[in-house]
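Q: First the structure, which I've put down as structure tokens, then a few questions once you've had a look.
The values are calculated or read from the model by the stated rules, or taken from the named source; none is laboratory data. All of these numbers come straight from a predicted model, not from anything done at the bench. Methodologically, a virtual Cβ is constructed for each residue, glycine included, from the backbone with ideal geometry; neighbour enumeration extends over all protein chains shown.
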Amino acid sequence: MPAFDELDPATRTELEAAAFRRLLTHLDDNKDVQNIDLMILADFCRNCLSKWLVAAAEEKGAELDYDAARDYVYGMPYSEWKEHYQAPATPEQLAAFEARQANKKASGSQEA
């Protein structure tokens, strides 16, 4: 069985795309997972995925509007998702997020 990096580029791209789509489905199935929790634990969130899509499009010479990317990632307009699923951040979440950001800054780590 070949290692992942030994697969042909087209197959690798298809597998990576399938995994990304599965991640979006998983996030959609778990709307209770808040963006701030993702940022605290993994230093990325749904908005980061949207920004990465826009950056990937730019690298390929394609245009992709951030709002369109966000609608794709959220599966609906962001304003609608925010209204129905985004809870206000708790003081504990805000403190954990600030601590993560401070640790990142202290270690010289780059933004997600």
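Q: Starting from residues that are of a type in the set (Gly, Ala, Ser) and within 18 Å of the chain's Cα centre (by Cα), keep the ones in region 1-41 and report whichever is nearest to residue 95 (Cα to Cα). Talk me through it step by step, then tell me what you get.
A: Quick first cut of region 1-41, residues of a type in the set (Gly, Ala, Ser) only: 3, 10, 17-19.
Subsequent filtering for residues that are within 18 Å of the chain's Cα centre (by Cα) retains 17-19.
Values: 17: 35, 18: 35, 19: 32 Å.
Per the criteria, the residue is 19.
Q: Give me the pairs, please: first residue somewhere in region 56-79 and more than 16 Å from residue 30 (Cα to Cα) and surrounded by fewer than 16 Cβ atoms within 10 Å (Cβ to Cβ), second residue anywhere and of a type in the set (Gly, Ala, Ser) and modelled with pLDDT of 95 or more, beta-carbon distance under 7 Å, and either six or more positions apart or on two chains.
A: Pairs found: 63/57; 66/50.
Q: Is there any pair linking a residue in region 82-93 that is within 19 Å of residue 28 (Cα to Cα) to one that is of a type in the set (Lys, Arg) and surrounded by 10 or more Cβ atoms within 10 Å (Cβ to Cβ), with Cβ under 6 Å and at least six apart or on different chains, and which?
A: Pairs that qualify, where the first residue is within 19 Å of residue 28 (Cα to Cα) and the partner is of a type in the set (Lys, Arg) and surrounded by 10 or more Cβ atoms within 10 Å (Cβ to Cβ), are 85/31.
Q: Within region 5-35, track down each residue that is surrounded by 10 or more Cβ atoms within 10 Å (Cβ to Cβ) and either acidic (Asp, Glu) or farther than 30 Å from residue 87 by Cβ (or both).
A: Within region 5-35, 7, 11, 12, 13, 14, 15, 16, 17, 18, 28 qualify.
Q: Could you list, in sequence order, all residues of region 23-58 that are acidic (Asp, Glu) and over 19 Å from residue 98 (Cα atoms)?
A: Looking only at region 23-58, we keep the residues that are acidic (Asp, Glu), and these are 28-29, 32, 37, 43, 58.
Matches in region 23-58: 28, 29, 32, 58.
Q: Right, another one. From the set of residues in region 90-112 that are within 18 Å of the chain's Cα centre (by Cα) and hydrophobic (A, V, I, L, M, F, W, C), which is farthest from residue 55 (Cα to Cα)?
A: Per the stated criteria, the residue is 97.
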